[in-house]
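Step one of this worksheet: look at the structure below.
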Amino acid sequence: MKLLSEMATCESHGQNSSYFLGWQEYEKNPYDEIQNPKGIIQMGLAENQLSFDLLESWLAQNPDAAGFKRNGESIFRELALFQDYHGLPDFKNALVQFMSEIRGNKVTLNPNKLVLTAGATSANETLMFCLANPGDAFLLPTPYYPGFDRDLKWRTGAEIVPIQCTSSNGFRITQSALEESYKLAKTRNLRVKGVLVTNPSNPLGTTLMRNELELLVSFVAEKGIHLISDEIYSGTVFNSPKFVSVMEVLIENNYMYTEVWDRVHIVYSLSKDLGLPGFRIGAIYSNDAVIVSAATKMSSFGLISSQTQYLLSAMLADKKFTKKYISENQKRLKKRHAMLVKGLESSGISCLESNAGLFCWVDMRHLLKTNTFEAEIELWKKIVYEVRLNISPGSSCHCIEPGWFRACFANMSEDTLNLAIQRIKSFVDSSDVIGTNVDQSNHTNQNTSTSPKKKLFAKWGFRLSFNDRER
């Protein structure tokens with residue numbers, strides 16, 4: 001061990017998080033309708049498998065792109081040779097046009113400000129290397145994607161300071177929460193370099209309101225720091241309000257000729273919107289030429305293959321296809337989301353009202369035996385081992401309120417999702433499951449879809465302790 005680096009032996013990767021541990025349990029006993037019908041159903045994986053048929057249909061109709069041909073002639077050798085790390089111009093042009101289309105063509109993006117990376121994971125880490133030195137901090141609203149503990153901190157040495165958001169206002173970002181987070185970083189002697197948000201949110205499945213974006217831009221302008229907007233779920237918005245990109249807010253508020261213009265950066269990917277996580281297509285969009293130059297050089301460590309770029313440049317350039325795909329995919333996500341929400345409501349379980357993403361933020365506080373994170377993990381273990389569903393506990397997302405869980409709905413068939421709902425219902429209906437100390441009537445979430453069945457749980461009385469929620 002003495003011959004190994006600190007990086008190789010440290011525990012900061014986050015692999016021991018319950019988020020990743022749930023995956024490990026699933027991999028030991030994965031559900032299969034035929035081979036393993038009693039296995040664990042994977043509801044911890046935010047993949048979009050609902051529109052593969054649209055992609056496969058396009059591939060069948062465009063054999064040249066899939067066969068690496070141009071005008072019927074093979075370009076395999078051309079694509080097989082070394083490519084410059086700036087990326088194929090045709091692909092970058094097609095990608096920024098697709099990004100603009102998702103944003104309602106309210107913003108025009110410049111391909112020269114785009115840096116290609118091997119997925120959003122690489123994009124976020126690259127931005128950390130560009131913006132923060134080891135020990136510098138970024139502020140992140142909670143709950144946030146558990147993988148950020150790895151993506152932002154592990155190799156960069158950067159720190160994350162939470163912006164504590166609560167269910168009392170639907171986990172919305174407030175001025176006071178931003179200021180408290182900034183002060184907390186200062187008390188820890190951390191230099192704050194920026195704020196990072198996901199819009200739409202993972203795990204909440206909600207889009208940031210325009211006033212929240214304006215608040216964030218104003219805050220980073222005042223503090224002289226950066227803002228990273230991770231917008232990899234921007235094409236999954238299936239209900240109002242519509243998606244608003246931070247770039248749109250910058251333009252509307254005339255920040256183009258200010259220093260803030262260069263301090264706001266967007267992360268994007270085709271993993272969620274197009275359902276292609278295995279293709280490893282990510283991007284950084286920045287108005288700062290220095291960051292674009294530095295990030296482009298760093299992208300040498302995680303390039304997108306030329307073959308992938310060629311194929312997708314043809315697909316994304318087909319405007320008739322992209323228009324149909326975006327619309328149909330959003331309709332399917334809306335239907336699947338409603339299916340899970342309705343199924344959970346039949347068991348007396350509600351979800352945060354959401355309009356985007358591939359998951360629901362599920363409220364199971366009334367099923368906790370006590371208002372503690374220990375009780376949350378106890379419930380989570382029952383759901384994994386007894387109900388045989390892998391969902392992500394809120395504590396893995398740094399939620400400060402015990403009892404919230406993220407459940408994904410787009411990575412399985414309707415039959416499998418129905419089975420998952422049936423398993424949850426059987427679990428809730430069993431006599432030994434209901435929390436004995438939680439009074440659901442004391443929860444103040446203003447944006448949760450409620451069910452009359454929840455009133456049945458009122459007899460288990462317990463007042464939430466504010467101190468418990470500060471954890």
| note | The one condition A132 fails out of (1) without any contact (Cβ under 8 Å) to a residue 40 or more places away in the chain; (2) of a type in the set (A, V, I, L, M, F, W, C); (3) buried (at least 19 other Cβ atoms within 10 Å of the Cβ) is (1)
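Take S354 and decide whether it is among the polar types (S, T, N, Q), in contact (Cβ under 8 Å) with a residue 60 or more places away in the chain, part of a helix (DSSP H, G or I) and in contact with a helix residue (DSSP H, G or I) (Cβ under 9 Å, 6 or more places away or on another chain).
It is false that S354 is among the polar types (S, T, N, Q), in contact (Cβ under 8 Å) with a residue 60 or more places away in the chain, part of a helix (DSSP H, G or I) and in contact with a helix residue (DSSP H, G or I) (Cβ under 9 Å, 6 or more places away or on another chain).
So for region 178-199 (the condition being closer than 18 Å to N253 by Cβ, part of a loop (DSSP other than H, G, I, E, B) and in contact (Cβ under 8 Å) with a residue 40 or more places away in the chain), does at least one residue qualify? First the steps, then the outcome.
From region 178-199, those closer than 18 Å to N253 by Cβ are 178, 195, 197, 199; that's our starting set.
Cutting the leftovers down to part of a loop (DSSP other than H, G, I, E, B) gives us 199.
Next, from what is left, pick out any that are in contact (Cβ under 8 Å) with a residue 40 or more places away in the chain: 199.
Yes, the conditions are met somewhere in region 178-199.
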| said: Quick check on region 357-398: of everything there that is of a type in the set (A, V, I, L, M) and in a loop (DSSP other than H, G, I, E, B), which residue is farthest from the chain's Cα centre (by Cα)? | reply: L368
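What's the total number of residues in region 54-87 that are under 25 Å from S245 (Cα atoms) and open to solvent by less than 80 Å² (accessible area, probe 1.4 Å)? Let's see the steps before the verdict.
Residues of region 54-87 under 25 Å from S245 (Cα atoms): 86-87.
From what is left, the residues that are open to solvent by less than 80 Å² (accessible area, probe 1.4 Å) are 87.
The qualifying residues number 1.
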| query | So, of the residues in region 194-243 that are surrounded by fewer than 24 Cβ atoms within 10 Å (Cβ to Cβ) and charged (D, E, K, R), which turns out to be nearest to G282 (Cα to Cα)? | reply | K242
| field | Count - residues of region 18-39 that are surrounded by 15 or more Cβ atoms within 10 Å (Cβ to Cβ), in contact with a Pro (Cβ under 9 Å, 6 or more places away or on another chain) and either over 22 Å from H337 (Cβ atoms) or of a type in the set (G, A, S) (or both) | value | 4
| In region 261-275, which residues are over 12 Å from the mean Cα position of the chain (by Cα) and either acidic (D, E) or surrounded by fewer than 21 Cβ atoms within 10 Å (Cβ to Cβ) (or both)? | W261, D262
| Hey, I304 hits all of (1) closer than 26 Å to A65 by Cβ; (2) modelled with pLDDT of 95 or more; (3) β-branched (V, I, T); (4) open to solvent by 10 Å² or more (accessible area, probe 1.4 Å) but one; which does it fall short on? | (2)
| request: Looking only at region 66-76, count how many residues are under 11 Å from S306 (Cα atoms) and either within 30 Å of the chain's Cα centre (by Cα) or without any contact (Cβ under 8 Å) to a residue 24 or more places away in the chain (or both). | output: 1
| query | What is the one condition in (1) surrounded by 20 or more Cβ atoms within 10 Å (Cβ to Cβ); (2) at pLDDT below 95 that Y257 does not satisfy? | reply | (1)
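The values are calculated or read from the model by the stated rules, or taken from the named source; none is laboratory data. A quick note: this is a predicted structure, and the numbers were derived from the prediction, not measured. Cβ coordinates were reconstructed from backbone atoms using ideal geometry, including for glycine residues, and neighbour counts include every protein chain displayed. Areas reflect the complete protein model, heavy atoms only, side chains present, ligands, DNA and RNA absent. Shrake-Rupley method; radii C 1.70, N 1.55, O 1.52, S 1.80 Å.
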